[in-house]
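To start, the structure under review is shown below, and the notes come after it.
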Amino acid sequence: MSGREELMARIRRIQDINAIRNLHNRYLYFLSMDSSRVMELWATKTPGATFEAGNSGVYEGPESISHFFMEPEARRLPGAYYEFLADNAVIEISDDGQVAKEVSFSPGITTVWPEHAGSQNKLQAWCSGKYDIDYVKEDGEWRIWQLRWRTTFQTPFDKGWLHQQDISSMRTPPYYPSESGSLTTCYQPVNRWGVNYMLPEPPEPGSVRGRSTP
Amino acid sequence: VESEELKHLESIVAHAENQLAIEQLQSRYQHWLSLDRMDKVRSLFAMNAPGVSAEEGDSGVFVGLEGIARLYPDKDTPELGVYYEQRATNPIIEVASDGQRARGVWFSPGILTEGTKDIQGWIYGKYDNDYIKEDGEWRILHLRWRETFTTSFEKGWLWETHIAGVGKCRPPYWPADEPTTYHMPFDRSRVNYMLPEPPELGSLDSSQSSEAMLESAVEGAPR
């Protein structure tokens, strides 16, 4: 590789990391404002796209994933508000610049108010979790391929995670069951009596280097 | 002419890479810390700088790899009911123009859980860290976590600035190699100017700070 080619490869890696950060942040803004738009960010040409949040089970394929994000009309009712953030992203990219993995922390808030079907009324909650995301590049654009939100806790504002680890199950209509889905892969909120090894681990440097488009 | 231009471009690219690498390094620290993987945490510190150090709130300063190992010890058995999550956000990172040293200041919100002691709480502070490049890899040279508050979920920082018994100013960590350098948590009865300030642009290139940093790295070893 010539000096110029090598430099271009390094520049592309910087661009890739910045693009992935923006992509994830855009997802978070859409999620908080109009969740139906997150499908603009998902991989549509790469087989194996999935979505999973807490104990939701795995939504497989764009159609199934969009079902999850389009369904909850409750999100647009007066008084509803969700905000999930992501920070301390550790991002690893493959050598060919086509595949990437990210692990980040995700604090947030949830507000359900007042008469939402299937949920507790008048609920304000602190949320905390971790994102475990795989990305692919399609036609030169980074896309979310497999996204998992692992619950640390979702606890009522005045209770705290010591006393209540989750506000409700995602395995209830309208979210569950997803027709094409499979079972939850990991759901282990913080436990005041147990060992808390909150997966995922951050990807090791170079651990995604050899991967290529699925 | 082309090689001159390439050299210039390379330095710009290297600067951007350094910023990203330091952000990733610090983020790895937060993740491994929350997983209580102290072997991984220790591996992020400088290996060849005798003055490598870490300080958390009023823990005192732990110096050298031996000191780092006392602040971040392996545990024989995992602690039940414990979960800490200390994050680092809004970094201001200044890299010296030689690309070998850097300083980063971060806000640091987090949560703490000690289930068997009936403790859940909020833990807020700021990082004031120095970094050094060793064999082409960025490492933590000095880690300082300045406490804003460590308060229980039920009380809040107006009423409780520091939960008794939480922190590392006690056995088995204590005693540290050197006294705490600065510890001034939030206080409802005073003006709260929560240091550190963010590093100024180009501040690592003033000869004084560069030298001071290297000096402390070399001479800061326990005597």
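The values are calculated or read from the model by the stated rules, or taken from the named source; none is laboratory data. This structure is a prediction, so every number in the text was calculated from the model and none was measured. Here Cβ is always computed from backbone atoms with ideal geometry, including for glycine, and neighbour counts include all displayed protein chains. Please note that ligands, DNA and RNA were not included when accessible areas were found on the heavy atoms of the full protein model with its side chains. Shrake-Rupley method; radii C 1.70, N 1.55, O 1.52, S 1.80 Å.
Extension gain, B:Trp159 to B:Asn90: 0.36 nm times the residue separation minus the Cα-Cα distance gives 22.1 nm.
Helix-only arithmetic for chain A: the sum of -39500 (n - 2.57) across DSSP H runs with n ≥ 4, divided by the residue total, places the mean residue ellipticity at 222 nm at -6500 deg cm²/dmol. Each peptide in A:197-205, B:49-57, A:143-151 gets a packing score, the mean of other Cβ atoms within 10 Å over its residues, and the list from highest to lowest is B:49-57, A:143-151, A:197-205. Extension gain for the segment B:Ser206 to B:Arg170, taken as residue separation times 0.36 nm less the Cα-Cα distance, is 9.2 nm to one decimal.
If one computes the Cα centroid of segment A:137-172 and of segment B:43-66, what distance in Å separates the two points? If we compute the Cα centre of each part, the gap is 35 Å. Solvent exposure of chain B, expressed per residue, is 48 Å² of accessible area, with all protein chains present and a 1.4 angstrom probe. Shown is the FRET efficiency for B:Ala14 and A:Glu63, computed with R0 = 30 Å from the Cβ-Cβ distance and rounded to the nearest 0.05: 0.10. Counts of other chain beta carbons within 10 angstrom of each beta carbon in peptide A:39-50 average 0. Each Cα pair of chain B feeds into the Kirkwood radius, which the Stokes-Einstein equation turns, at 25 °C and 0.890 mPa s, into a diffusion coefficient of 133 µm²/s.
Equivalent ellipsoid of the protein assembly as shown: semi-axes from √(5λ) of the C-alpha gyration tensor, largest first, are 36, 31, 18 Å.
Surface listing: A:Ser106, A:Ser182 arranged by accessible area from highest to lowest gives A:Ser182, A:Ser106, probe 1.4 Å. Available extension along the chain between B:Thr181 and B:Leu65 is 39.9 nm, counting 0.36 nm per residue and deducting the alpha carbon span. Shielding by partners for peptide B:108-121, expressed as the average number of C-beta atoms from other protein chains within 10 Å of each residue's C-beta, is 4. Computed over protein heavy atoms with a 1.4 angstrom probe, the accessible surface ordering of A:Met8, B:Met38, A:Met39, largest first, is A:Met8, A:Met39, B:Met38. Placing pseudo-labels 7 Å out from each Cα toward the beta carbon at B:Ser97 and B:Arg188 gives an inter-label distance of 5.0 nm.
D by Stokes-Einstein for segment A:35-108, Kirkwood Rh over Cα pairs, 37 °C, 0.692 mPa s: 226 µm²/s. For segment B:71-114, the Kirkwood hydrodynamic radius from C-alpha pairs, put into Stokes-Einstein at 4 °C and a viscosity of 1.567 mPa s, yields a diffusion coefficient of 96 µm² per second. Taking one equal scatterer on every alpha-carbon of chain A, how large is log10 of I(q)/I(0) by Debye at q = 0.11, 0.16 1/Å? Scattering profile of chain A, log10 relative to I(0): -0.55, -1.11.
Give the cross-link partners of B:Lys133 among the aspartates and glutamates, using a straight C-alpha distance below 15 Å as the criterion and excluding same-chain residues fewer than 8 apart. Straight-line reach from B:Lys133, under 15 Å: B:Glu17, B:Glu23, B:Glu94, B:Asp98. The mean count of C-beta atoms from other chains within 10 Å of the C-beta of residues in B:77-86, rounded to a whole number, is 5. Over segment B:35-191, Cα pairs under 8 Å with separation of 6+ residues give a relative contact order of 26 percent. How much FRET efficiency would the formula 1/(1 + (r/R0)^6) give for A:Cys186 and A:Asn22, where r is the Cβ-Cβ distance and R0 is 30 Å, rounded to 0.05? Rounded to the nearest 0.05, the efficiency is 0.65.
For segment A:128-170, with all protein chains present and a 1.4 Å probe, just round the carbon and sulfur fraction of the accessible area to a whole percent. Answer for segment A:128-170: carbon and sulfur cover 41 percent of the accessible area.
With R₀ set to 30 Å, the beta-carbon distance separating B:Lys7 from A:Asp96 gives a calculated FRET efficiency near 0.65. Over all directions, the projected convex hull of the C-alpha atoms in segment B:99-175 averages 6.8 nm² in area. The distance linking segment A:39-70 with segment A:2-23 is 28 Å (Cα centroid to Cα centroid, whole angstrom).
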